[in-house]
Amino acid sequence: MIQETLDIRDEMSGTKAANDVTIDEFSSTMIAPYTSSTWCDGALSLLESPKIDIKEKALMALGKMAPYCVRYGGNTWENRARQKINPFITSWKNDRGNTNIDEEWWSEIMHLLEEVVTFIGKK
């Protein structure tokens, strides 16, 4: 949903409508409702799923949502995110040699994790 909204914003660039609406106005009107604490925390909670495919989808969502979750949720959300992300990173790195995980897929998950960490910091 957020990616589609961002795509709309990008398509509007240069149009009269886009010139009348600032990025901040667009973000607060179109993106903020999908990055409330309920949505952001919901995506974080999916990282606790026992299914890695659910975790992967959560990371994909968080990669798009994180900048806005940080913007609207501030340090409080960043701290909650770190409490979920950091143990997942440690676990994922430790599982690398202990499972039959495809190397390419392992790297993809690491890339998604790193993308989220760029927005929440490593503290």
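No value in this document is a laboratory result; all are computed from the given coordinates. Please read all numbers here as calculations on a predicted model, not as lab measurements. As a convention, Cβ positions derive from the backbone with ideal geometry for all residues, glycine included, and neighbour counts pool all protein chains shown.
Details
- Extension gain for residue 83-residue 37 works out to 15.0 nm (0.36 nm per residue, less the C-alpha to C-alpha distance).
- Sorted on the mean count of surrounding Cβ atoms within 10 Å across their residues, most packed first, peptides 59-66, 79-86, 106-113 read 59-66, 79-86, 106-113.
- Relative contact order of the range 40-110, defined on C-alpha pairs under 8 angstrom at six or more residues apart (%): 30 percent
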